[in-house]
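Quick note: the coordinates plus some simple rules give every number you see, no bench work behind them. Values in this document were obtained by computation on a predicted structure and should not be read as measured data. FYI the Cβ positions are ideal-geometry reconstructions off the backbone, even for glycines, and counts take in every protein chain you see.
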Ligand SMILES: Cc1ncc(C[n+]2csc(CCOP(=O)(O)OP(=O)(O)O)c2C)c(N)n1
Ligand SMILES: [Mg+2]
C-alpha cells in the first residue's frame, strides 16, 4: 500500500509536532534528551499514524499492538505521539520530568497512558518485545509488537540474545526500528564503539532486515508494510537519521544527546520549526 498524499501530510504534521513538543518539554523541564526524538520523529510518526494499532479507543484491548521504547531516553517523542493519538491530553506534556508526573525522564509502564514498558536501562526493550510477541502468539492475539532501538543500544549484549531467540521462535509479529544516527552519549559511534553493519548483523541472526532513510516516510512505510507480510521471521528496519533533525544548530551534534535548550535556544529552535 502506498501512502496517500493526505496520509503523508498527516504524518509530516505529526512529526513536526513531535519536534515542537520535544523542544518545549525539555526546555520547560530544564533537562532531558532532545536530539534522539527529533531524529526519530519521521519514522516514529509513520509507525504511529500508518501502522500501530494503539489509540484511546483500543487501549485495553489485548489484541492491540504494543510499543516498547528500548532507547527509553527518547521518551519525549513517545509521550508526544501518545498524546497526539488521543490517549492523554496534550497539557500533560507540560509535567514532563516533574516530581509526581507519570511522564518521567525514562518511560514508567502505565496501562492507562499507553506506556507499554518501563525502559531506560539500554538493552532490555528487545527482550521484552520478544516476550510480548511470543505471548501474543500463544494467546492467539493478532497484536504486532514494535520495538524502537538505536545504534548506541546495539552495543548492549542483551540485544543480541533477544535477536537470537526471536529468530529461533520465528516471531514474525515482532519488528524493531533502529535509530541509526551515528551518535551515542559521548560522541560518534565509530570512535566510541563501532557497531558496524546492523542490517547485515540482524540478517545473520536470521531476521528479515532492511535499511532506509529514516526521514523518508514513504520508504519507512514501505519497510513497515514489508515487515507485516513477512510471516516466518522477525523484522528489523535500520533507519538512518540525523540527530536533532529540523533545528540547524542541533543537527548531528552529540552535545544535544542529553542537554535541554535554554531560553534563547528554545526560541530559535521553535522559530526554525515554524512556530
Ligand atoms: C545499560 C545502560 N548503560 C548505559 C546507559 C547510559 N546511556 C544513556 S543513553 C546512552 C547512549 C545511547 O545511544 P543512542 O541511543 O544511540 O543515543 P542517541 O542517538 O539518542 O544520542 C547511554 C550509554 C544506559 N541508559 N543504560
Ligand atoms: Mg544514536
Extension reserve of the residue 158-residue 185 stretch, reckoned as 0.36 nm per residue once the Cα distance is removed
7.9 nm
Counting other beta carbons within 10 Å of each Cβ, put 259, 247, 2 in order, fewest first.
2, 259, 247
Provide, as a two-decimal number, the C-alpha radius of gyration of the range 166-239 over 2.2 N^0.38 Å, N being how many residues it has.
1.16
Which three extents, in whole angstrom, do the alpha-carbon atoms of the range 78-155 cover along their principal axes, largest first?
38, 32, 19
Contact order relative to length for the range 5-272, counting C-alpha pairs under 8 Å separated by 6 or more residues, stands in percent at 24 percent
Fewest-first sequence of 49, 20, 159 by Cβ atoms within 10 Å of each Cβ:
20, 49, 159
How far is the Cα center of the range 62-116 from the Cα center of the range 131-195, in Å?
19 Å
Footprinting proxy, 189, 25: sorted fewest to most Cβ within 10 Å, the residues are 189, 25
Whole-number Å³ per residue for the convex hull built on Cα positions in the range 12-138:
99 Å³
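What length, rounded to one decimal in nm, is gained on full extension from residue 230 through to residue 90, with 0.36 nm per residue of separation minus their alpha-carbon distance?
Numbers: separation 140, 0.36 × 140 = 50.40 nm, distance 3.56 nm.
Contour length minus Cα-Cα distance gives 46.8 nm.
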Working note, the chain: Cα radius of gyration (Å, one decimal) and Dmax (Å, whole number) are 17.2, 53
Apply 1/(1 + (r/R0)^6) to the Cβ-Cβ distance of residue 63 and residue 196, taking R0 = 30 Å, and write down the FRET efficiency to the nearest 0.05.
0.20
